[in-house]
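Enquirer: Here it is, the structure in full.
The values are calculated or read from the model by the stated rules, or taken from the named source; none is laboratory data. Remember, it's a predicted structure, so these values are computed and weren't measured experimentally. Heads up, the Cβs are rebuilt from the backbone with ideal geometry, glycines too, and the neighbour counts pull from every protein chain shown. We work out accessible area using only protein heavy atoms, side chains counted, and drop any ligands, DNA or RNA first. Shrake-Rupley method; radii C 1.70, N 1.55, O 1.52, S 1.80 Å.
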Amino acid sequence: MDKVLARGSGSTTGRRRSRVALVSAAAGVALVAASVTLATSASAGTTLGASAAEKGRYFGTAVAAYKLSDATYVGILNREFNMVTPENEMKWDATEPSQNQFNYTNADRIVSHAQANGMRVRGHALAWHSQQPGWAQNLSGTALRQAMVNHITRVATHYKGKIYAWDVVNEAFADSGGVRRDSNLQRTGDDWIEVAFRTARAADPGAKLCYNDYNTDNWTWAKTQAVYNMVRDFKARGVPIDCVGLQSHFNSGSPYPGNYRTTLENFAALGVDVQITELDIEGSGTTQATTYGNVVKDCLAVSRCTGITVWGIRDSDSWRASGTPLLFDGNGNKKPAYTAVLDALNAGGTTPPPPTTTPPPTSAPPTTPPPTTPPPSGNGCTASLVTNQWQGGFVTTVRVTAGATALNGWAVALTLPAGASLVNTWNAQPSATSGAVTFRNVSYNGQVGAGTTTEFGFQGNGTAPGGTPTCTAG
(Lines give C-alpha, C1' and ligand atoms only; values in the text may rest on other atoms or scores of the structure.)
Protein backbone atom coordinates (compact mmCIF):
# COMPACT_ATOMS: atom_id res chain seq x y z
CA MET A 1 0.00 0.00 0.00
CA ASP A 2 2.07 0.64 -0.17
CA LYS A 3 0.17 1.92 -0.85
CA VAL A 4 1.79 5.20 -1.05
CA LEU A 5 0.46 2.57 0.23
CA ALA A 6 -2.70 3.15 -1.50
CA ARG A 7 -5.33 0.86 -0.45
CA GLY A 8 -2.97 1.54 -0.96
CA SER A 9 0.14 3.75 -2.44
CA GLY A 10 1.63 1.98 -1.81
CA SER A 11 0.12 0.75 -3.25
CA THR A 12 1.01 -4.31 -2.42
CA THR A 13 2.74 -13.51 1.81
CA GLY A 14 1.07 -16.49 3.12
CA ARG A 15 1.66 -19.69 4.95
CA ARG A 16 0.93 -23.32 5.52
CA ARG A 17 0.02 -25.72 8.23
CA SER A 18 1.87 -28.90 8.11
CA ARG A 19 4.80 -29.50 10.40
CA VAL A 20 8.26 -29.72 8.92
CA ALA A 21 8.08 -33.50 8.86
CA LEU A 22 4.78 -33.38 7.02
CA VAL A 23 5.93 -30.63 4.72
CA SER A 24 8.97 -32.62 3.66
CA ALA A 25 6.70 -35.51 2.83
CA ALA A 26 4.33 -33.47 0.68
CA ALA A 27 5.04 -33.33 -3.02
CA GLY A 28 6.44 -30.02 -4.10
CA VAL A 29 6.79 -28.64 -0.59
CA ALA A 30 10.17 -30.05 0.43
CA LEU A 31 12.01 -27.45 -1.60
CA VAL A 32 10.06 -24.67 0.08
CA ALA A 33 10.84 -26.01 3.52
CA ALA A 34 14.50 -26.42 2.69
CA SER A 35 14.76 -22.80 1.58
CA VAL A 36 13.51 -21.37 4.87
CA THR A 37 15.91 -20.65 7.70
CA LEU A 38 14.38 -21.59 11.01
CA ALA A 39 14.19 -18.75 13.49
CA THR A 40 16.89 -19.04 16.13
CA SER A 41 15.67 -16.39 18.57
CA ALA A 42 12.67 -18.36 19.84
CA SER A 43 11.38 -21.90 20.10
CA ALA A 44 9.06 -23.09 17.37
CA GLY A 45 5.44 -22.48 18.23
CA THR A 46 6.04 -19.48 20.50
CA THR A 47 6.44 -16.62 18.01
CA LEU A 48 5.04 -15.81 14.58
CA GLY A 49 8.30 -16.25 12.70
CA ALA A 50 9.28 -19.46 14.45
CA SER A 51 5.87 -21.03 13.96
CA ALA A 52 5.79 -20.05 10.30
CA ALA A 53 9.30 -21.38 9.73
CA GLU A 54 8.23 -24.70 11.19
CA LYS A 55 5.72 -24.88 8.31
CA GLY A 56 8.32 -23.94 5.70
CA ARG A 57 7.08 -20.36 5.51
CA TYR A 58 7.89 -16.87 6.74
CA PHE A 59 5.98 -14.30 8.76
CA GLY A 60 7.15 -10.76 8.10
CA THR A 61 6.38 -7.12 8.68
CA ALA A 62 6.93 -3.76 7.02
CA VAL A 63 9.71 -1.74 8.64
CA ALA A 64 10.51 1.98 8.66
CA ALA A 65 14.19 2.83 9.12
CA TYR A 66 13.56 5.76 11.43
CA LYS A 67 11.71 3.50 13.86
CA LEU A 68 14.74 1.27 14.40
CA SER A 69 15.67 3.58 17.27
CA ASP A 70 12.39 2.71 19.06
CA ALA A 71 13.22 0.03 21.62
CA THR A 72 9.68 -1.35 21.87
CA TYR A 73 9.33 -1.49 18.09
CA VAL A 74 12.68 -3.25 17.62
CA GLY A 75 12.01 -5.64 20.47
CA ILE A 76 8.84 -6.92 18.83
CA LEU A 77 10.47 -6.96 15.39
CA ASN A 78 13.42 -9.06 16.51
CA ARG A 79 11.30 -11.44 18.56
CA GLU A 80 8.39 -12.12 16.23
CA PHE A 81 9.35 -11.79 12.56
CA ASN A 82 11.70 -13.53 10.15
CA MET A 83 11.11 -11.39 7.04
CA VAL A 84 11.08 -7.60 6.62
CA THR A 85 9.86 -5.27 3.87
CA PRO A 86 11.08 -1.66 3.81
CA GLU A 87 8.03 0.60 3.88
CA ASN A 88 9.38 3.42 1.69
CA GLU A 89 13.17 3.17 1.74
CA MET A 90 13.59 1.12 -1.47
CA LYS A 91 11.12 3.05 -3.61
CA TRP A 92 12.28 5.10 -6.58
CA ASP A 93 12.09 8.50 -4.89
CA ALA A 94 14.16 7.25 -1.95
CA THR A 95 16.86 5.36 -3.84
CA GLU A 96 17.38 7.64 -6.86
CA PRO A 97 16.32 11.16 -5.76
CA SER A 98 18.35 12.71 -8.60
CA GLN A 99 18.90 10.92 -11.89
CA ASN A 100 21.86 8.53 -11.67
CA GLN A 101 22.59 9.64 -8.10
CA PHE A 102 21.64 6.79 -5.81
CA ASN A 103 21.09 6.87 -2.05
CA TYR A 104 20.80 3.56 -0.22
CA THR A 105 21.45 4.78 3.33
CA ASN A 106 18.06 4.06 4.90
CA ALA A 107 17.41 0.90 2.90
CA ASP A 108 20.87 -0.42 3.78
CA ARG A 109 20.10 0.20 7.43
CA ILE A 110 17.05 -2.05 7.23
CA VAL A 111 18.90 -4.74 5.28
CA SER A 112 21.78 -4.70 7.76
CA HIS A 113 19.38 -4.99 10.70
CA ALA A 114 17.63 -7.92 9.04
CA GLN A 115 20.87 -9.74 8.30
CA ALA A 116 22.19 -9.19 11.82
CA ASN A 117 19.02 -10.72 13.27
CA GLY A 118 18.55 -13.72 10.97
CA MET A 119 15.75 -12.17 8.90
CA ARG A 120 15.34 -12.09 5.14
CA VAL A 121 14.20 -9.11 3.07
CA ARG A 122 11.45 -8.51 0.53
CA GLY A 123 12.42 -5.64 -1.76
CA HIS A 124 9.62 -3.10 -2.37
CA ALA A 125 9.33 -1.81 -5.09
CA LEU A 126 11.36 -1.41 -8.29
CA ALA A 127 8.77 0.09 -10.65
CA TRP A 128 5.60 1.91 -9.59
CA HIS A 129 3.55 4.79 -10.94
CA SER A 130 3.59 6.46 -7.52
CA GLN A 131 6.40 7.82 -5.32
CA GLN A 132 8.58 8.58 -8.31
CA PRO A 133 11.17 11.34 -7.92
CA GLY A 134 10.31 14.63 -9.56
CA TRP A 135 12.83 14.18 -12.35
CA ALA A 136 11.23 10.87 -13.37
CA GLN A 137 7.74 12.37 -13.27
CA ASN A 138 8.89 14.89 -15.86
CA LEU A 139 10.12 12.19 -18.28
CA SER A 140 8.09 10.30 -20.84
CA GLY A 141 8.47 7.86 -23.72
CA THR A 142 11.89 6.42 -24.47
CA ALA A 143 13.63 8.60 -21.88
CA LEU A 144 11.39 7.30 -19.10
CA ARG A 145 11.69 3.70 -20.28
CA GLN A 146 15.49 3.94 -20.27
CA ALA A 147 15.41 5.57 -16.82
CA MET A 148 13.23 2.74 -15.48
CA VAL A 149 15.58 0.08 -16.88
CA ASN A 150 18.60 1.85 -15.45
CA HIS A 151 16.93 2.25 -12.06
CA ILE A 152 15.94 -1.41 -11.81
CA THR A 153 19.39 -2.53 -12.92
CA ARG A 154 21.27 -0.33 -10.48
CA VAL A 155 19.09 -1.00 -7.42
CA ALA A 156 18.73 -4.74 -7.97
CA THR A 157 22.47 -5.02 -8.60
CA HIS A 158 23.26 -3.10 -5.41
CA TYR A 159 21.23 -5.62 -3.39
CA LYS A 160 22.13 -8.70 -5.40
CA GLY A 161 22.20 -11.73 -3.15
CA LYS A 162 20.55 -9.89 -0.24
CA ILE A 163 16.90 -9.90 -1.35
CA TYR A 164 14.60 -12.91 -1.04
CA ALA A 165 11.93 -11.49 -3.36
CA TRP A 166 11.40 -8.23 -5.25
CA ASP A 167 8.09 -6.52 -5.89
CA VAL A 168 9.31 -5.75 -9.39
CA VAL A 169 6.12 -3.97 -10.48
CA ASN A 170 3.55 -2.56 -8.07
CA GLU A 171 -0.12 -1.72 -8.70
CA ALA A 172 -0.16 -1.55 -12.50
CA PHE A 173 -3.86 -2.39 -12.96
CA ALA A 174 -6.87 -0.10 -12.65
CA ASP A 175 -9.33 -0.67 -9.82
CA SER A 176 -12.17 -1.53 -12.20
CA GLY A 177 -12.67 -2.74 -15.74
CA GLY A 178 -9.87 -5.29 -15.82
CA VAL A 179 -7.50 -2.96 -17.66
CA ARG A 180 -4.06 -1.48 -17.07
CA ARG A 181 -3.83 1.66 -14.98
CA ASP A 182 -3.03 4.77 -17.01
CA SER A 183 0.37 6.00 -15.85
CA ASN A 184 3.53 7.52 -17.27
CA LEU A 185 5.10 4.04 -17.25
CA GLN A 186 2.14 2.48 -19.05
CA ARG A 187 2.35 5.19 -21.71
CA THR A 188 5.91 4.08 -22.55
CA GLY A 189 4.37 0.95 -24.10
CA ASP A 190 2.31 -2.05 -23.07
CA ASP A 191 5.44 -4.19 -22.70
CA TRP A 192 6.84 -2.12 -19.82
CA ILE A 193 5.96 -4.70 -17.16
CA GLU A 194 7.62 -7.49 -19.12
CA VAL A 195 10.71 -5.33 -19.63
CA ALA A 196 10.84 -4.59 -15.91
CA PHE A 197 10.79 -8.30 -15.04
CA ARG A 198 13.42 -9.24 -17.62
CA THR A 199 15.63 -6.40 -16.39
CA ALA A 200 15.30 -7.50 -12.77
CA ARG A 201 16.15 -11.11 -13.64
CA ALA A 202 19.32 -10.02 -15.44
CA ALA A 203 20.38 -7.86 -12.48
CA ASP A 204 19.68 -10.38 -9.71
CA PRO A 205 19.08 -13.93 -11.00
CA GLY A 206 18.75 -15.33 -7.47
CA ALA A 207 15.83 -13.22 -6.23
CA LYS A 208 12.20 -14.21 -6.65
CA LEU A 209 10.40 -11.72 -8.89
CA CYS A 210 6.86 -10.75 -7.90
CA TYR A 211 3.96 -8.71 -9.20
CA ASN A 212 2.20 -6.93 -6.30
CA ASP A 213 -1.26 -5.31 -6.17
CA TYR A 214 -4.30 -4.53 -4.01
CA ASN A 215 -7.99 -5.38 -4.55
CA THR A 216 -6.96 -8.71 -6.09
CA ASP A 217 -8.26 -10.85 -3.20
CA ASN A 218 -11.69 -11.72 -4.60
CA TRP A 219 -11.47 -14.25 -7.41
CA THR A 220 -14.55 -12.85 -9.19
CA TRP A 221 -13.24 -9.29 -9.53
CA ALA A 222 -12.18 -8.07 -12.97
CA LYS A 223 -8.93 -6.71 -11.56
CA THR A 224 -8.04 -10.11 -10.12
CA GLN A 225 -8.78 -11.76 -13.46
CA ALA A 226 -6.67 -9.21 -15.34
CA VAL A 227 -3.65 -9.87 -13.13
CA TYR A 228 -4.22 -13.62 -13.43
CA ASN A 229 -4.31 -13.39 -17.24
CA MET A 230 -1.09 -11.38 -17.29
CA VAL A 231 0.70 -13.93 -15.10
CA ARG A 232 -0.61 -16.80 -17.21
CA ASP A 233 0.64 -15.05 -20.36
CA PHE A 234 4.05 -14.39 -18.80
CA LYS A 235 4.43 -18.02 -17.77
CA ALA A 236 3.41 -19.22 -21.24
CA ARG A 237 5.94 -16.95 -22.98
CA GLY A 238 8.81 -17.47 -20.57
CA VAL A 239 8.76 -14.01 -19.02
CA PRO A 240 10.52 -14.40 -15.65
CA ILE A 241 7.90 -14.15 -12.90
CA ASP A 242 8.09 -16.23 -9.73
CA CYS A 243 5.39 -14.91 -7.45
CA VAL A 244 2.25 -12.83 -7.05
CA GLY A 245 1.73 -10.57 -4.05
CA LEU A 246 -1.74 -9.92 -2.66
CA GLN A 247 -1.71 -6.82 -0.46
CA SER A 248 -4.94 -7.85 1.36
CA HIS A 249 -5.92 -4.61 3.08
CA PHE A 250 -9.29 -5.56 4.59
CA ASN A 251 -11.91 -3.30 6.16
CA SER A 252 -15.68 -2.79 6.03
CA GLY A 253 -15.46 -1.30 2.55
CA SER A 254 -13.19 -4.08 1.25
CA PRO A 255 -13.89 -7.11 3.43
CA TYR A 256 -12.18 -10.49 3.49
CA PRO A 257 -13.85 -12.49 0.69
CA GLY A 258 -15.15 -15.99 1.12
CA ASN A 259 -13.32 -17.11 -2.04
CA TYR A 260 -9.92 -15.85 -0.85
CA ARG A 261 -8.48 -19.36 -0.75
CA THR A 262 -9.73 -19.95 -4.29
CA THR A 263 -7.77 -16.89 -5.42
CA LEU A 264 -4.60 -18.20 -3.76
CA GLU A 265 -5.10 -21.65 -5.29
CA ASN A 266 -5.71 -20.37 -8.80
CA PHE A 267 -2.62 -18.16 -8.86
CA ALA A 268 -0.54 -21.00 -7.42
CA ALA A 269 -1.82 -23.32 -10.12
CA LEU A 270 -0.07 -21.12 -12.69
CA GLY A 271 3.25 -22.27 -11.24
CA VAL A 272 4.06 -19.19 -9.16
CA ASP A 273 4.35 -18.64 -5.43
CA VAL A 274 1.70 -16.56 -3.72
CA GLN A 275 2.65 -14.16 -0.97
CA ILE A 276 0.37 -12.05 1.22
CA THR A 277 2.44 -8.90 1.20
CA GLU A 278 0.74 -6.05 3.09
CA LEU A 279 -1.87 -7.62 5.33
CA ASP A 280 -3.88 -5.44 7.69
CA ILE A 281 -7.44 -5.96 8.90
CA GLU A 282 -9.34 -3.09 10.45
CA GLY A 283 -11.46 -3.84 13.51
CA SER A 284 -11.02 -5.22 16.98
CA GLY A 285 -11.75 -8.11 19.28
CA THR A 286 -13.16 -11.43 18.16
CA THR A 287 -14.22 -10.31 14.68
CA GLN A 288 -10.76 -9.05 13.77
CA ALA A 289 -9.09 -12.09 15.34
CA THR A 290 -11.32 -14.50 13.43
CA THR A 291 -10.53 -12.86 10.10
CA TYR A 292 -6.80 -12.87 10.77
CA GLY A 293 -7.00 -16.54 11.67
CA ASN A 294 -8.94 -17.35 8.51
CA VAL A 295 -6.39 -15.60 6.30
CA VAL A 296 -3.57 -17.61 7.85
CA LYS A 297 -5.53 -20.86 7.48
CA ASP A 298 -6.21 -20.11 3.83
CA CYS A 299 -2.53 -19.57 3.19
CA LEU A 300 -1.50 -22.71 5.02
CA ALA A 301 -3.94 -24.70 2.89
CA VAL A 302 -2.15 -23.68 -0.34
CA SER A 303 1.27 -25.24 -0.73
CA ARG A 304 2.68 -22.36 -2.79
CA CYS A 305 1.49 -19.66 -0.39
CA THR A 306 4.97 -19.12 0.99
CA GLY A 307 4.63 -16.27 3.46
CA ILE A 308 2.62 -13.50 5.09
CA THR A 309 3.73 -9.93 5.77
CA VAL A 310 1.68 -7.58 7.94
CA TRP A 311 2.00 -3.90 7.03
CA GLY A 312 3.40 -2.61 10.30
CA ILE A 313 3.97 -3.83 13.84
CA ARG A 314 1.80 -1.82 16.26
CA ASP A 315 -1.51 -0.17 15.46
CA SER A 316 0.22 3.18 15.90
CA ASP A 317 2.70 2.25 13.14
CA SER A 318 -0.05 1.58 10.60
CA TRP A 319 -0.89 3.78 7.62
CA ARG A 320 -4.52 3.38 8.76
CA ALA A 321 -3.88 3.63 12.49
CA SER A 322 -7.40 4.79 13.35
CA GLY A 323 -8.69 1.38 12.21
CA THR A 324 -6.42 -0.47 14.69
CA PRO A 325 -5.60 -3.04 11.98
CA LEU A 326 -2.49 -4.83 13.28
CA LEU A 327 -1.50 -7.57 15.74
CA PHE A 328 -0.09 -5.34 18.51
CA ASP A 329 -1.72 -2.31 20.10
CA GLY A 330 -0.05 1.08 20.28
CA ASN A 331 1.82 0.09 23.43
CA GLY A 332 3.18 -3.08 21.87
CA ASN A 333 0.80 -5.47 23.65
CA LYS A 334 -0.40 -8.59 21.86
CA LYS A 335 -4.02 -8.35 20.69
CA PRO A 336 -6.53 -11.20 20.28
CA ALA A 337 -5.64 -11.09 16.57
CA TYR A 338 -2.05 -12.04 17.45
CA THR A 339 -3.24 -15.07 19.40
CA ALA A 340 -5.52 -16.10 16.54
CA VAL A 341 -2.63 -15.93 14.07
CA LEU A 342 -0.26 -17.88 16.31
CA ASP A 343 -2.90 -20.50 17.03
CA ALA A 344 -3.62 -20.89 13.32
CA LEU A 345 0.07 -21.28 12.54
CA ASN A 346 0.50 -23.90 15.24
CA ALA A 347 -2.76 -25.81 14.90
CA GLY A 348 -3.68 -25.65 11.24
CA GLY A 349 -7.22 -26.59 10.32
CA THR A 350 -9.61 -25.44 7.66
CA THR A 351 -11.76 -22.39 7.17
CA PRO A 352 -15.47 -23.04 6.52
CA PRO A 353 -16.81 -20.91 3.68
CA PRO A 354 -19.14 -18.08 4.67
CA PRO A 355 -22.78 -18.28 3.51
CA THR A 356 -22.30 -15.65 0.81
CA THR A 357 -19.55 -14.33 -1.40
CA THR A 358 -18.73 -10.66 -1.45
CA PRO A 359 -19.86 -9.22 -4.82
CA PRO A 360 -17.31 -7.46 -6.99
CA PRO A 361 -17.15 -3.67 -6.65
CA THR A 362 -19.18 -1.67 -9.15
CA SER A 363 -17.01 1.39 -9.14
CA ALA A 364 -13.48 2.52 -8.40
CA PRO A 365 -12.66 4.19 -5.07
CA PRO A 366 -13.34 7.94 -5.14
CA THR A 367 -10.29 9.96 -6.11
CA THR A 368 -9.93 13.70 -6.33
CA PRO A 369 -9.75 14.65 -10.04
CA PRO A 370 -6.43 15.98 -11.36
CA PRO A 371 -5.87 19.69 -10.88
CA THR A 372 -6.49 22.03 -13.77
CA THR A 373 -4.81 25.11 -12.31
CA PRO A 374 -2.57 26.73 -14.95
CA PRO A 375 1.03 27.66 -14.09
CA PRO A 376 1.48 31.13 -12.66
CA SER A 377 2.33 33.92 -15.08
CA GLY A 378 4.64 35.71 -12.65
CA ASN A 379 7.84 34.68 -10.90
CA GLY A 380 6.22 32.66 -8.14
CA CYS A 381 4.77 29.17 -7.99
CA THR A 382 1.46 27.41 -7.53
CA ALA A 383 0.56 24.18 -5.76
CA SER A 384 -2.36 21.81 -6.28
CA LEU A 385 -3.57 18.66 -4.55
CA VAL A 386 -4.60 15.20 -5.72
CA THR A 387 -5.96 13.06 -2.88
CA ASN A 388 -6.99 9.44 -2.37
CA GLN A 389 -9.20 9.34 0.75
CA TRP A 390 -10.36 6.18 2.50
CA GLN A 391 -12.04 5.58 5.81
CA GLY A 392 -9.61 6.81 8.43
CA GLY A 393 -6.76 7.91 6.20
CA PHE A 394 -5.51 9.42 2.97
CA VAL A 395 -2.60 9.91 0.62
CA THR A 396 -2.12 13.34 -0.98
CA THR A 397 0.17 14.24 -3.85
CA VAL A 398 1.10 17.92 -4.21
CA ARG A 399 2.22 19.33 -7.55
CA VAL A 400 4.44 22.42 -7.42
CA THR A 401 4.55 24.41 -10.66
CA ALA A 402 7.07 27.16 -11.32
CA GLY A 403 6.03 30.41 -12.99
CA ALA A 404 7.92 32.35 -15.62
CA THR A 405 11.14 32.16 -13.62
CA ALA A 406 12.85 29.00 -12.43
CA LEU A 407 12.60 28.18 -8.74
CA ASN A 408 15.61 27.84 -6.50
CA GLY A 409 13.63 26.53 -3.56
CA TRP A 410 9.96 26.47 -2.65
CA ALA A 411 7.60 26.14 0.30
CA VAL A 412 3.98 24.95 0.31
CA ALA A 413 1.68 25.84 3.21
CA LEU A 414 -1.63 24.17 4.01
CA THR A 415 -3.73 23.29 7.04
CA LEU A 416 -4.68 19.76 7.99
CA PRO A 417 -8.27 19.39 9.26
CA ALA A 418 -8.86 18.91 12.97
CA GLY A 419 -7.91 15.40 14.03
CA ALA A 420 -5.77 14.74 10.96
CA SER A 421 -2.06 13.97 11.32
CA LEU A 422 0.85 13.08 9.05
CA VAL A 423 2.25 9.55 9.00
CA ASN A 424 4.80 9.75 6.17
CA THR A 425 6.13 12.46 3.86
CA TRP A 426 8.27 12.01 0.75
CA ASN A 427 10.15 14.52 -1.42
CA ALA A 428 9.58 17.32 1.13
CA GLN A 429 10.27 18.28 4.74
CA PRO A 430 7.20 19.16 6.87
CA SER A 431 7.31 21.73 9.66
CA ALA A 432 4.74 19.87 11.78
CA THR A 433 2.58 16.75 11.77
CA SER A 434 -0.80 18.41 12.38
CA GLY A 435 -2.56 21.74 12.03
CA ALA A 436 -0.81 24.36 9.89
CA VAL A 437 2.04 22.67 8.03
CA THR A 438 4.66 24.11 5.71
CA PHE A 439 6.38 21.67 3.38
CA ARG A 440 9.78 22.76 2.08
CA ASN A 441 11.81 21.26 -0.72
CA VAL A 442 14.59 18.82 0.08
CA SER A 443 18.09 19.01 -1.37
CA TYR A 444 17.35 17.37 -4.71
CA ASN A 445 14.08 19.00 -5.83
CA GLY A 446 14.36 22.69 -4.96
CA GLN A 447 15.38 23.73 -8.46
CA VAL A 448 12.37 23.68 -10.79
CA GLY A 449 12.59 25.03 -14.32
CA ALA A 450 10.29 27.83 -15.49
CA GLY A 451 6.85 26.41 -16.25
CA THR A 452 7.79 22.89 -15.11
CA THR A 453 6.70 20.90 -12.10
CA THR A 454 7.86 18.73 -9.26
CA GLU A 455 5.78 16.68 -6.84
CA PHE A 456 5.87 15.62 -3.23
CA GLY A 457 3.41 13.66 -1.17
CA PHE A 458 2.27 12.73 2.28
CA GLN A 459 0.19 10.09 3.99
CA GLY A 460 -2.02 10.83 6.95
CA ASN A 461 -4.68 9.66 9.34
CA GLY A 462 -8.09 11.31 9.42
CA THR A 463 -9.47 13.63 6.75
CA ALA A 464 -7.30 14.93 3.92
CA PRO A 465 -6.78 18.67 3.41
CA GLY A 466 -8.67 20.41 0.63
CA GLY A 467 -8.59 23.71 -1.16
CA THR A 468 -5.59 25.31 -2.80
CA PRO A 469 -2.31 25.40 -0.86
CA THR A 470 -0.09 28.48 -0.79
CA CYS A 471 3.17 28.17 -2.70
CA THR A 472 6.09 30.51 -2.05
CA ALA A 473 9.20 30.67 -4.23
CA GLY A 474 12.66 30.69 -2.72
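Enquirer: Please list, in order along the stretch 454-465, the HN-Hα scalar couplings obtained from phi with the Karplus expression 6.51 cos²θ - 1.76 cosθ + 1.60 (θ = phi - 60°), rounded to whole Hz, x for Gly and Pro.
Expert: Along the stretch 454-465, the couplings run 9, 9, 9, x, 8, 10, x, 9, x, 9, 6, x Hz.
Enquirer: Please report how far the C-alpha centroid of the stretch 174-191 lies from that of the stretch 225-265, rounded to the nearest whole angstrom.
Expert: Centre-to-centre distance over Cα atoms comes out at 17 Å.
Enquirer: Work out from phi, with θ = phi - 60° and the Karplus expression 6.51 cos²θ - 1.76 cosθ + 1.60, the ³J(HN,Hα) of each residue of the stretch 121-134, listed in order in whole Hz, and give x for Gly and Pro.
Expert: Values per residue, Gly and Pro as x: 10, 9, x, 9, 9, 7, 9, 7, 6, 10, 6, 8, x, x Hz.
Enquirer: For ARG109 and THR157, compute 0.36 nm times the residue count separating them, minus their Cα-Cα distance, and round to one decimal in nm. Can you show the working numbers first?
Expert: Numbers: separation 48, 0.36 × 48 = 17.28 nm, distance 1.70 nm.
The span from ARG109 to THR157 would gain 15.6 nm if fully extended.
Enquirer: For the stretch 48-347, place one equal point scatterer on every Cα, skip the solvent, and apply the Debye formula. What is log10 of I(q)/I(0) at q = 0.08, 0.13, 0.14, 0.15 Å⁻¹?
Expert: Treating every Cα as an identical point scatterer, log10 I(q)/I(0) equals -0.32, -0.89, -1.04, -1.20.
Enquirer: What does the net charge come to around GLY258 if you take all other residues with beta carbon closer than 11 Å to its beta carbon, with K and R at +1 and D and E at -1?
Expert: -1
Enquirer: Evaluate the relative contact order of the stretch 254-315 (contact order divided by residue number), counting alpha-carbon pairs under 8 angstrom at least 6 apart; express in whole percent.
Expert: 45
Enquirer: Okay, moving on. At 1.4 Å probe radius, can you tell me the per residue accessible area of the stretch 173-255 in Å²?
Expert: Values: 2880 Å² over 83 residues.
In whole numbers, the stretch 173-255 has 35 Å² accessible per residue.
Enquirer: Right, another one. For the stretch 381-473, just run the numbers: alpha carbon Rg, then divide by 2.2 N^0.38 Å, N being how many residues it has. Present the calculation step by step, with values, prior to reporting the outcome.
Expert: Details: Rg = 12.7 Å, N = 93, 2.2 N^0.38 = 12.3 Å.
Taking the Cα Rg and dividing by 2.2 N^0.38 Å, one obtains 1.03.
Enquirer: Can you tell me how much longer the chain between SER431 and TYR66 gets when fully stretched, taken as 0.36 nm per residue apart minus their C-alpha distance, in nm with one decimal? Write out the running numbers ahead of the final one.
Expert: Numbers: separation 365, 0.36 × 365 = 131.40 nm, distance 1.72 nm.
Gain on extension, SER431 to TYR66, equals 129.7 nm.
Enquirer: Ordered by residue, what ³J(HN,Hα) values in Hz, to whole numbers, does the stretch 212-222 give under the Karplus form 6.51 cos²θ - 1.76 cosθ + 1.60, where θ = phi - 60° and Gly and Pro are x?
Expert: Values, residue by residue: 10, 7, 10, 6, 10, 7, 8, 4, 7, 6, 4 Hz.
Enquirer: GLN225 versus SER443, label points 7 Å from Cα toward the beta carbon: distance in nm?
Expert: 5.1
Enquirer: Moving on to the next point. Using DSSP to define loop residues, name the trypsin sites (Lys or Arg not before Pro) in the stretch 167-247 whose beta-carbon has at most 16 other beta-carbon atoms within 10 Å. Before the final figure, lay out the partial values.
Expert: Details: sites: ARG180, ARG181, ARG187, ARG198, ARG201, LYS208, LYS223, ARG232, LYS235, ARG237; in loops: ARG181.
Of the trypsin sites (Lys or Arg not before Pro), the ones in loops of the stretch 167-247 whose Cβ has at most 16 other Cβ atoms within 10 Å are ARG181.
Enquirer: Still on this structure, I have one more. Below 19 Å, Cα to Cα, which lysines can LYS223 reach? Residues fewer than 8 away in the same chain don't count.
Expert: Within the straight-line limit of under 19 Å, LYS223 reaches these lysines: LYS3, LYS235.
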